[in-house]
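Asker: Okay, handing you the structure first.
The values are calculated or read from the model by the stated rules, or taken from the named source; none is laboratory data. Quantities reported herein were computed from a predicted structural model and do not represent experimental measurements. With ideal geometry, Cβ positions are generated from the backbone for all residues, glycine too; neighbour counts draw on all protein chains shown. These area figures cover heavy atoms from the full protein model, side chains too; ligands, DNA and RNA do not enter into them. Shrake-Rupley method; radii C 1.70, N 1.55, O 1.52, S 1.80 Å.
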Amino acid sequence: MPASVITIAQAKGGAGKSSLAAHLAAACAGSGHSVLCLDLDPQASLAAWCARRDGVPALAGTIAHEAMSGWRIGQRIGAAARDHDLVLIDTPAHGELESREAIRAADLVLIPVQPSPLDVQASTTTVRRVSDARTGALVVLNRVPARATLTRDLKAELAALGVPIAHARIGNRIAIASALVNGRGVTEAAPRSQAAAEISALAQEVLGEVRHPA
């Protein structure tokens, strides 16, 4: 059976797409899933993280990776997905062709948004692409500062995007960044941390969405 395809997309740079993809890959592989990471970003941060995993103890599932670009992305995603449970796609901030193709191929699009008005406003381009493709999506509040509260205005702006917001939120935590340096996810490097709990909660929510779409 073909894999579930999850695309992480955000037209604004610096939203944490690659980091989110890596941590979700580790969390899902840790629960026994075969994961394929596809890196469409020329910076290849996700592919580099996968390459650094040499020597990391094996998980219950597996993580494979591939980098690609070009107009045949949609076809390649379909072919690459046949031998995996889950495909996680990291898209470039400014690669319109790659992002559109990856969104069209997705069962679910995750849109990471930092909790600030500018970041929310900058997400409208990605939301429009998702709407054009008629693909399911979740906004993921990412890099949320400690003790941050959403103001009434910010809640209204998020609601105006017209995309459901994931229940799980990812904090702005040192463990999230430090785990990646050694080719690990935070669920591997600091499994009892709050950061690991947040990533695990998001992974379960995402898997629930692709298995039982609304």
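Asker: Of the residues Ser99, Ser116, which is closer than 21 Å to Leu40 by Cβ and at pLDDT below 95?
Answerer: On the way: Ser116 fails: closer than 21 Å to Leu40 by Cβ.
Going through Ser99, Ser116 in turn, just one is closer than 21 Å to Leu40 by Cβ and at pLDDT below 95: Ser99.
Asker: Moving on to the next point. If you take the residues in the stretch 118-135 that are open to solvent by 60 Å² or more (accessible area, probe 1.4 Å) and among the hydroxyl-bearing types (Ser, Thr, Tyr), which one is farthest from Ile6 (Cα to Cα)?
Answerer: Checking each candidate, the answer is Thr124.
Asker: Then there is this: Which of (1) among the hydrophobic types (A, V, I, L, M, F, W, C); (2) surrounded by 12 or more Cβ atoms within 10 Å (Cβ to Cβ); (3) assigned to a helix (DSSP H, G or I); (4) within 21 Å of the chain's Cα centre (by Cα) does Leu154 not meet, given it meets every other one?
Answerer: Result: Leu154 passes all but (4).
Asker: Just to be sure, is Leu138 within 15 Å of the chain's Cα centre (by Cα), touching a residue at least 40 places away in the same chain (Cβ under 8 Å), surrounded by 17 or more Cβ atoms within 10 Å (Cβ to Cβ) and not in a helix (DSSP H, G or I)?
Answerer: yes
Asker: Give the residue that is nearest to Ala203 (Cα to Cα), with candidates limited to residues of the stretch 34-54 that are touching a residue at least 60 places away in the same chain (Cβ under 8 Å) and open to solvent by 20 Å² or more (accessible area, probe 1.4 Å).
Answerer: Arg53
Asker: Let me ask another. With the checklist (1) in contact (Cβ under 8 Å) with a residue 24 or more places away in the chain; (2) surrounded by fewer than 21 Cβ atoms within 10 Å (Cβ to Cβ); (3) within 20 Å of Arg128 (Cα to Cα) in hand, flag the one item Ala9 doesn't pass.
Answerer: For Ala9, the exception is condition (2).
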